[in-house]
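These notes concern the structure reproduced below.
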Amino acid sequence: MDRKKIVITGMGVVSPIGIGTDAFWSSAIQGKCGIVNVSYFDVTQYPCRIAGEVRDFHADQFIEKKKIKRMDRFTQFAMAAAKLALQDSGLDLNKENLERIGVIVGSGIGGLQTIEEEFAILQKKGTRRVTPFLIPKLISNMAAGEISIQYGFAGPNYAVSSACATANNSIGEALRHLRYGDADVFVSGGSEAAITQLGLSGFSQAGALAESFNDSPEKASRPFDKNREGFVMGEGAGIVILETEEHALQRGANILAELAGYGLTDDAFHITSPSPEGKSQVKAVLNALKDAQTSPEEVNYINAHGTSTQVNDKTETLVIKSVFGERAKKIPISSTKSMTGHLLGAAGGVELIASVCSIRKGVVHPTINYETPDPNCDLDYVPNQSRECKVTCAISNSFGFGGHNAVLVVKAYNGM
């Protein structure tokens, strides 16, 4: 079977630093931070009182008002990002075979806000007052389902849930379906909206969050900095439109980049901590490069997982050194999470889009809040200022609770 080339033709972002790719990228290259004091509920008693909120989101700009109440916020984000991505792609759905368009959009956590709200109603008012939309609102596959219902996409449709690796796994699996011939087009990525009382409490109790920056939230997410102390929760969605090259060329699409490779492994080590040697993460990167038919020497940008936790950043640095050897110190590396916080199941989608923007614009965004070098993290993290840089091949790393590792390789598109 001939290997199909898969390309990216549309991108949609909902993030704490902007809605829409242009707004997001403008903020990113300026090093703007979207981490703020939590406004959704009273956080007075919480050890961590900050998050990357999407404060300027209006669901009725993207979804029919009568449908909004049946959707959890994570589904609303996904619907918005999908609409933006489809608009960006220029797909004329009246001319497409909708049975050849698939959707894989995942969520690491799903409808946590719905669970909280409806459980409170159950306790206070009884079982008959719980909404009949409870299950459709909370299940993590409903973002993919609602997108297909909205547009009539009848191709392969499901959700991936692999914690922080969710979006990369979703996009990678869509890549494989397209290569295999299951569809001509895929809508794929991740969405998350877990900044809730339970979500913030759970991550705090797990010891994962930064707790010393409640009075200076913009300084809290500091990947690779010596004084990092944990990640900051974020929310949003990142969705891309993938097509076979043949299909994209036939319809005269504006091809943004080639999605060239996908690698995935598991640490088989711990429920929340990465394996300290990073061997499985190294394997995931190497598998992605092999899948892309690309050598490590061709990679000239890395969008890091870069969570701002002590263990992750140290391990990821070790992984990069293991894969790239002496070249590791010459490759620009940046963490989008320094500005957005950790978007959990949506992170990989937004970060792949950042990588594509770097390829197209010739600029890599900074890792902000990098102030004090850490001897365990001694690579080029593009500190604090964006940098002009010709990027032709980038990797985007995502590593999740449960040991899930998913890596994507994206390249400048060079035609047939």
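Computed quantities for the displayed model
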quantity: Reachable lysines, given that their alpha-carbon falls under 30 Å from the alpha-carbon of Lys95 and they are not under 8 places away in the same chain; calculated: Lys4, Lys5, Lys65, Lys66, Lys67, Lys83, Lys411
quantity: Rounded to the nearest 20 debye, dipole of the chain from Cβ charges on Lys, Arg, Asp, Glu; calculated: 420 debye
quantity: Filtered trypsin sites (Lys or Arg not before Pro), the stretch 1-40: DSSP coil and at most 12 other beta carbons within 10 Å; calculated: Arg3
quantity: Over the chain: helical MRE at 222 nm, DSSP H runs n ≥ 4 each giving -39500 (n - 2.57), nearest 500; calculated: -9500 deg cm²/dmol
quantity: Residues whose placed amide H lies under 5 Å from that of Ser308, excluding near-sequence neighbours; calculated: Phe224, Asp313
quantity: Extension gain, Thr272 back to Cys389 (0.36 nm per residue minus Cα-Cα distance, nm); calculated: 38.7 nm
quantity: Prolate/oblate/rounded label for the chain (Cα gyration tensor, a/c 1.5); calculated: oblate
quantity: Net charge over other residues, Cβ less than 15 angstrom from the Cβ of Ile359 (K, R count +1; D, E count -1); calculated: +1
quantity: Proximal charge balance of Arg222 [Cβ under 12 Å; K/R count +1, D/E count -1]; calculated: -2
quantity: Top of Glu243, Glu117, Glu173 by mean-square fluctuation, Gaussian network on the chain, Cα under 10 Å; calculated: Glu117
quantity: Of Gly106, Ser26, Leu209, farthest towards positive along the dipole that unit charges on Lys, Arg, Asp, Glu beta carbons give the chain; calculated: Gly106
quantity: Cα gyration tensor category, rounded, prolate or oblate, for the stretch 135-285 with a/c compared to 1.5; calculated: prolate
quantity: Relative contact order (percent, whole number), the stretch 298-416, Cα cutoff 8 Å, 6+ residue spacing; calculated: 32 percent
quantity: Relative contact order (percent, whole number), the stretch 72-225, Cα cutoff 8 Å, 6+ residue spacing; calculated: 33 percent
quantity: Centroid-to-centroid separation of the stretch 8-78 and the stretch 322-353 [C-alpha atoms, Å]; calculated: 20 Å
quantity: Euclidean distance between Cα centres, the stretch 117-190 to the stretch 244-292, Å; calculated: 21 Å
quantity: Relative contact order [Cα under 8 Å, 6+ residues apart], the chain, whole percent; calculated: 23 percent
quantity: Probe 1.4 Å, accessible area per residue of the chain, Å²; calculated: 39 Å²
quantity: Of the DSSP H helices in the chain, those whose Cα atoms cover at least 30 Å axially and whose Kyte score averages 1.6 or more; calculated: none
quantity: Candidates Ala143, Ala28, Ala59, ranked by Gaussian network fluctuation over the chain, Cα under 10 Å, top entry; calculated: Ala59
quantity: Carbon/sulfur fraction of accessible area - the stretch 48-174, other protein chains in place, 1.4 Å, %; calculated: 50 percent
quantity: For a label point 7 Å along the Cα-to-beta-carbon line of Ala412, residues of the stretch 351-369 with backbone N under 17 Å; calculated: 355-365
quantity: Net charge over other residues, Cβ less than 14 angstrom from the Cβ of Lys83 (K, R count +1; D, E count -1); calculated: -3
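The values are calculated or read from the model by the stated rules, or taken from the named source; none is laboratory data. As the structure is a computational prediction, the values presented were derived from the model and not from experiment. With ideal geometry, Cβ positions are generated from the backbone for all residues, glycine too; neighbour counts draw on all protein chains shown. Surface accessibility is based on the protein's heavy atoms, side chains included, excluding ligands, DNA and RNA. Shrake-Rupley method; radii C 1.70, N 1.55, O 1.52, S 1.80 Å.
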